[in-house]
Amino acid sequence: MTRVAVINQEKCRPDKCGKLCYKVCPSVRAGRETISFDPPSNKAVIHESLCSGVAICVKKCPFHCITVVNLPEELDKEVTHRYSVNGFKLHRLPMPKLGQVTGLVGQNGSGKSTTLNILQGNLKPNLGRFDNPPDWDEIIENYRGTEIQSYFERLANEELKIILKPQNVDKLPRVIKGNVSEVIGKVDEKGIKNEIKDVFSLSTVWEREISKLSGGELQRLAIAATIVREADVYLFDEPTSYLDVQERVKIAQYINEMKSPKQTIIVVEHDLAMLDYLSDHVHMFYGDAGVYGIVSHPYSVREGINIFLDGYIPSENMRFRPEPIIFKKVIMEDKYTSFRLALRYGDMTKEFESFELAVKGGELYKGEVVGIIGPNGIGKTTFVKMLAGVLEPTSISQETEVLAQMSKQEILRENPESVQKDEKITERLIVSHKPQYLYTESEQTVTEYLREINPVMLSSGWHKSEIIEPLRFTKLLDSKLCDLSGGELQKVSIAACLGRKAHLYLLDEPSAYISSEDRVNVAKVIKRVVSHYEFPAIVVEHDVMMLNFTSDRIMVFDGKPGELGRARRIGSLQNGMNDFLKKMNITFRQDPRTLRPRVNKRDSQLDKRQKSEGKYFVTA
């Protein structure tokens, strides 16, 4: 076995802990200087060749900045990159193939972004020698006999033009100015902007400023701006975030049709149904988030995704997850609802300069989750913001009526402004809202932020066991919010939303930027918390399987995106999903072995049969 020690240098504070890791290390006591504090930084450094691997330092470190893991010795021969001494370590690389779409899937923090940086040429692989990095000749020699050898040869000779579709499209308005037409026109090297305008449904926003686009519109713009450029290599980092089901399928089809014998396409995707739909082969990323990542050998799409769900790679005899991800058999019938009313809201409308939304009133029951589904730009986020009090409705037939009561102490704790000196405490709607966009420049740590939301959140055993530990971000508690990745910030925001007691929980696209396995955990956490508090939640989501796994009932939005939105009354999951997929002209089935959702190819035999039977989601 070989040992990997990773130390988060930003968290390491030997002046505060008295160099506790050094004092407790058994290797140091045995006379080996396993841990040193080198000037001028005076930060802890673990010399891995001397480390005994007992990992007492990990348990004793008060700042949770040390991780020590054991890996098979053979992986030492397959190191691709290491950032620094005790820094993140990546083993292997995916093998890009000309004329095929290579899919990448794995947990957050396992090295996918590092891989894209290497393939893009922004990061030169150092083969683990951060202190004495190799030149291109040595790197190419190291990968001799593999598909990536020729890729690196062309990259070293600057013969590759590489285009990346970035992950965090919600940051685009901060770096790009102008309207959609201007942005696409500036980068259109193929002369296909008019075709792209129609294919990606950008007509309604063609003259709109970038700063006024929704998340789905920004995603379509980013993908369109990538596709219109001439390139040898196209890298798509999570191209389906914020997109509705129909747009996901449409973009997956277009990316698949882009294949040519002279081009390479690589896609990072967490929606397994879309990864299945667009890829020719897949690589899995696994390891310990932020510590090390391993890239699997290539597999066929169906086999690779099923192995990823199992958490065990038979050909490598490697188990990378203690339990498999299990998709339960979908029962397209009404789920259990308590039928104990929690709150009631009236019909409401919202009018903007070029968009109008009308929502039918409804009732929400204790402990239920209502899913919201519909095309992008149809008003789902607008409706959530009206319930949250962020936007004022243009008209409303009846103010939201709170029917589920909280105790006096709970009202005071969650909504202290509801009582004045000598007034009686009045029950008013208390909402906990997780918005769609999560960009922040806050210097607050995660711990400070969560304690501000709920002072007992980090000391309560229930909060830790039911929210924080299942969402797996305990190592981030001392990190600043502004330093978190998109997926990390998403999980922290979900925890903050669910960490306080409220009459209504609103979560807008909680699966964005989160890995497949974390999406399952998020769905379970939402269900458990809502059931425990006995208050309802509304979840806006585009991932069909997560929506079905989480929701008891469903609310369907339709109309004309960007112009007119209409929301029906909350209805049964069965009717809602079937009607929505029928309008999208898309059929789903479940894999017979893993029960994961799979999209039927357009006009395939299965697609035609399900449509003729009026069954747009067929269970295994």
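The values are calculated or read from the model by the stated rules, or taken from the named source; none is laboratory data. Note that this is a predicted model, so its numbers are computed, not measured. Methodologically, a virtual Cβ is constructed for each residue, glycine included, from the backbone with ideal geometry; neighbour enumeration extends over all protein chains shown. Side chains are part of the model used for accessible areas, which takes the heavy atoms of the whole protein and leaves out ligands, DNA and RNA. Shrake-Rupley method; radii C 1.70, N 1.55, O 1.52, S 1.80 Å.
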(Q) If I take R0 = 60 Å and measure r between the Cβ atoms of Lys16 and Arg144 in this structure, what FRET efficiency does the formula 1/(1 + (r/R0)^6) give, to the nearest 0.05? (A) 0.80
**Q.** At R0 = 35 Å, FRET efficiency that the Cβ-Cβ distance of Arg302 and Asn132 yields, to 0.05
**A.** 0.25
Q: Could you tell me which of the pairs Lys112/Lys350; Lys186/Lys385; Lys475/Lys527; Lys193/Lys615 are separated by over 32 angstrom between their Cα atoms in the structure shown?
A: Lys112/Lys350; Lys186/Lys385; Lys193/Lys615
Q) Could you state the number of Å between the C-alpha centres of segment 181-227 and segment 1-62? A) 51 Å
Q) Given a 1.4 Å probe, how much area per residue of the chain is accessible, in Å²? A) 43 Å²
Q. What are the ³J(HN,Hα) values, in whole Hz, obtained from phi via the Karplus relation 6.51 cos²θ - 1.76 cosθ + 1.60 with θ = phi - 60°, for each residue of segment 352-369 in sequence order, with x given for Gly and Pro?
A. 10, 4, 10, 9, 9, 10, 10, 10, 6, x, x, 10, 10, 9, 4, x, 9, 10
Q. What does the accessible area of Arg428 come to, in Å² to the nearest 10, when a probe of 1.4 Å is used?
A. 110 Å²
Q) Taking the Cα centre of the chain as origin and charging only Cβ (+1 Lys, Arg; -1 Asp, Glu), how large is the dipole, in debye to the nearest 20? A) 1260 debye
Q. How would you classify segment 57-119 from its alpha-carbon gyration tensor, with a ≥ b ≥ c the square roots of the eigenvalues: rounded for a/c under 1.5, else prolate if a/b is greater than b/c, otherwise oblate?
A. prolate
Q: Using only Cα atoms, locate the centre of segment 135-160 and the centre of segment 478-498, then give the distance between them in Å, rounded to an integer.
A: 38 Å
Q.
Once R0 is set to 25 Å, what does the formula 1/(1 + (r/R0)^6) return for the Cβ-Cβ distance between Glu78 and Ser36, expressed as a FRET efficiency to the nearest 0.05?
A. 0.35
Q: Report, in debye and to the nearest 20, how large the dipole of segment 225-276 comes out about its Cα centre when Lys and Arg carry +1 and Asp and Glu carry -1 on their Cβ.
A: 220 debye
Q: Sort segment 478-547 into rounded, prolate or oblate with this rule: let a ≥ b ≥ c be the square roots of the eigenvalues of the Cα gyration tensor; rounded if a/c is under 1.5, and if a/c is not under 1.5, prolate when a/b is larger than b/c, oblate otherwise.
A: oblate
Q. Ordered by packing density, taken as the mean number of other Cβ atoms within 10 Å over each peptide's residues, highest first, how do 201-213, 288-300 rank?
A. 288-300, 201-213
Q | Positive-end extreme of charge dipole, segment 228-283 - chosen from Leu272, Gln246, Val233 (charges on Cβ) | A | Val233
Q) Packing-wise, with mean Cβ within 10 Å as the measure, how do 237-245, 89-97, 123-131 rank, highest first? A) 237-245, 89-97, 123-131
Q: As a check on your grasp of the helix formula, calculate [θ] at 222 nm for the chain: sum -39500 (n - 2.57) over DSSP H runs of n ≥ 4, divide by the residue count, round to the nearest 500.
A: -8500 deg cm²/dmol
Q | Per-peptide average of other Cβ atoms within 10 Å, ordering 546-553, 588-595 highest first | A | 546-553, 588-595
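Can you give the % of DSSP beta bridges in the chain that are antiparallel, to the nearest 5?
If we restrict to bridges inside the chain, about 50 percent are antiparallel.
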Q. Hey, what do the phi angles of segment 386-395 turn into as Karplus ³J(HN,Hα) couplings, whole Hz, using 6.51/-1.76/1.60 and θ = phi - 60°, x for Gly and Pro?
A. 5, 5, 7, x, 6, 10, 8, x, 5, 8
**Q.** Phi to ³J(HN,Hα) by Karplus 6.51 cos²θ - 1.76 cosθ + 1.60 over segment 129-139, Hz, x for Gly, Pro
**A.** 9, 5, 8, 8, x, x, 8, 4, 4, 5, 4
Q. Using the Cα gyration tensor of segment 236-359, with a ≥ b ≥ c the square roots of its eigenvalues, what is the shape: rounded (a/c below 1.5), prolate (a/b larger than b/c) or oblate (neither)?
A. oblate
